[in-house]
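The values are calculated or read from the model by the stated rules, or taken from the named source; none is laboratory data. Computed from a predicted structure; not experimentally measured. Ideal geometry is used to build each Cβ from the backbone, glycine not excepted, and the neighbour counts take in all protein chains shown.
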Amino acid sequence: MKKLFDKSPAAYLDGSKKFSFKNNIYGHPSVKIILRKAQYDKCCFCERKTEIGDVEHFRGKGGYKQKSGDALQKPGYYWLAYEWDNLLFSCEKCNRSYKKNFFPITNTLHRAKSHHDNLKLETPLFIHPAKEDPRQFIEYNGAFPRAIGGNEKGKITIEKIGLDRPFLNDERLTHYQTFKLIFNLSQNNDLPDSKRKELLGIVEDASKNNAAYSSMIQCAIEQNFRF
């Protein structure tokens, strides 16, 4: 692809030529399984457990949008189409209905528009869940996500990936309430210590990275489930 671009850079940059990607390579079942297992069978963004999902390109291979209403900018990050570091496992809802082709960065003058540009100059406004800890940017008020200190990366990730969409909030709330009940029982001094320890262990298991919505439960434990 780099060679194709270099033969007609202007045509690829203005969109009159476009790349053809082989989704049977990056989207091969074996690739999807490896990514899914590396993420504990969870969507990289919303942390729902799912068997069905997409191989998601963190930087869009065929084009990108900085914000809603923008036209799709070509040619996209074509040179990263088959790069492992650019691939994630995402549920269909996060990928197809929300993130889609969005890839906002802090300074668009630093946008890498071809493989000749320096990606390190970009500062993405999406959290990269495989390279960054989302909990540095997003916390939970009970079951509801919010950007820590109103930070821009957290806000945009929540908004553009739909982390506070109603269905997801409802599902997280049910999950939260279940473990809040168990946590509260574990604080009951009338129960034997062994039972309290057992109950607390159940909550701690729900906070492990292999559990659904583990970031929310980790936050809840730190807050003593006060919401």
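For residue 198, state whether it is assigned to a strand (DSSP E or B) and either more than 20 Å from residue 88 (Cα to Cα) or touching a Lys or Arg at 6+ places or on another chain (Cβ under 7 Å) (or both). Spell out the reasoning first.
Details: assigned to a strand (DSSP E or B): no; either more than 20 Å from residue 88 (Cα to Cα) or touching a Lys or Arg at 6+ places or on another chain (Cβ under 7 Å) (or both): yes.
The answer is no for residue 198.
The conditions are (1) outside any helix (DSSP H, G or I); (2) surrounded by 13 or more Cβ atoms within 10 Å (Cβ to Cβ), and residue 209 fails exactly one of them. Which is it?
(2)
Return the only residue of 31, 55 being assigned to a helix (DSSP H, G or I) and crowded, with 16+ Cβ neighbours inside 10 Å.
Working: 55 fails: assigned to a helix (DSSP H, G or I).
Answer to the check: 31.
Of (1) assigned to a helix (DSSP H, G or I); (2) of a type in the set (A, V, I, L, M, F, W, C); (3) touching a residue at least 40 places away in the same chain (Cβ under 8 Å); (4) farther than 17 Å from residue 47 by Cβ, residue 220 satisfies all except one. Which?
In the conditions (1) assigned to a helix (DSSP H, G or I); (2) of a type in the set (A, V, I, L, M, F, W, C); (3) touching a residue at least 40 places away in the same chain (Cβ under 8 Å); (4) farther than 17 Å from residue 47 by Cβ, residue 220 misses (4) alone.
For the range 58-69, state whether one or more residues are part of a strand (DSSP E or B) and surrounded by fewer than 20 Cβ atoms within 10 Å (Cβ to Cβ). If you could, list the steps in order and put the result at the bottom.
Filtering the range 58-69 for residues part of a strand (DSSP E or B) gives 64-65.
Now narrow it down to the ones that are surrounded by fewer than 20 Cβ atoms within 10 Å (Cβ to Cβ): 65.
Checked the range 58-69: at least one residue is part of a strand (DSSP E or B) and surrounded by fewer than 20 Cβ atoms within 10 Å (Cβ to Cβ).
Restricting the search to the range 83-106, which residues are assigned to a helix (DSSP H, G or I) and closer than 17 Å to residue 153 by Cβ? Give the derivation first.
We begin by selecting, within the range 83-106, every residue assigned to a helix (DSSP H, G or I); these are 84-86, 92-99.
Passing the criteria: 94, 98, 99.
Quick one: in the range 163-194, of everything that is hydroxyl-bearing (Ser, Thr, Tyr) and more than 27 Å from residue 44 (Cβ to Cβ), which residue is nearest to the chain's Cα centre (by Cα)? Walk me through it before giving the result.
In the first step, residues of the range 163-194 are kept if they are hydroxyl-bearing (Ser, Thr, Tyr); the result is 174, 176, 178, 186, 194.
Filter again for more than 27 Å from residue 44 (Cβ to Cβ), leaving 186, 194.
Working: 186: 32, 194: 38 Å.
It comes out as 186.
From the list 132, 159, which residue is under 19 Å from residue 64 (Cα atoms), under 13 Å from the mean Cα position of the chain (by Cα) and among the acidic types (Asp, Glu)? Step through it out loud before you land on a result.
Values: 132 fails: under 19 Å from residue 64 (Cα atoms).
Result of the check over 132, 159: 159.
Kindly indicate whether any position in the range 93-106 is surrounded by fewer than 17 Cβ atoms within 10 Å (Cβ to Cβ), in contact with a helix residue (DSSP H, G or I) (Cβ under 7 Å, 6 or more places away or on another chain), within 23 Å of residue 22 (Cα to Cα) and in contact (Cβ under 8 Å) with a residue 60 or more places away in the chain. Outline the logic, then answer.
Let us first name the residues in the range 93-106 that are surrounded by fewer than 17 Cβ atoms within 10 Å (Cβ to Cβ), namely 96-97, 100-101, 106.
In the following step, the residues that additionally are in contact with a helix residue (DSSP H, G or I) (Cβ under 7 Å, 6 or more places away or on another chain) were identified as none.
Looking for residues that are surrounded by fewer than 17 Cβ atoms within 10 Å (Cβ to Cβ), in contact with a helix residue (DSSP H, G or I) (Cβ under 7 Å, 6 or more places away or on another chain), within 23 Å of residue 22 (Cα to Cα) and in contact (Cβ under 8 Å) with a residue 60 or more places away in the chain, one finds none in the range 93-106, hence no.
In this structure, does residue 136 turn out to be farther than 27 Å from residue 105 by Cα and modelled with pLDDT of 95 or more? Talk me through it step by step, then tell me what you get.
Numbers: farther than 27 Å from residue 105 by Cα: no; modelled with pLDDT of 95 or more: yes.
No: the conditions fail for residue 136.
Among the listed residues 168, 109, 173, which satisfies the condition of being in a helix (DSSP H, G or I), surrounded by fewer than 17 Cβ atoms within 10 Å (Cβ to Cβ), of a type in the set (A, V, I, L, M, F, W, C) and touching a residue at least 24 places away in the same chain (Cβ under 8 Å)?
Working: 168 fails: surrounded by fewer than 17 Cβ atoms within 10 Å (Cβ to Cβ); 109 fails: touching a residue at least 24 places away in the same chain (Cβ under 8 Å).
173 is the lone residue from the list that is in a helix (DSSP H, G or I), surrounded by fewer than 17 Cβ atoms within 10 Å (Cβ to Cβ), of a type in the set (A, V, I, L, M, F, W, C) and touching a residue at least 24 places away in the same chain (Cβ under 8 Å).
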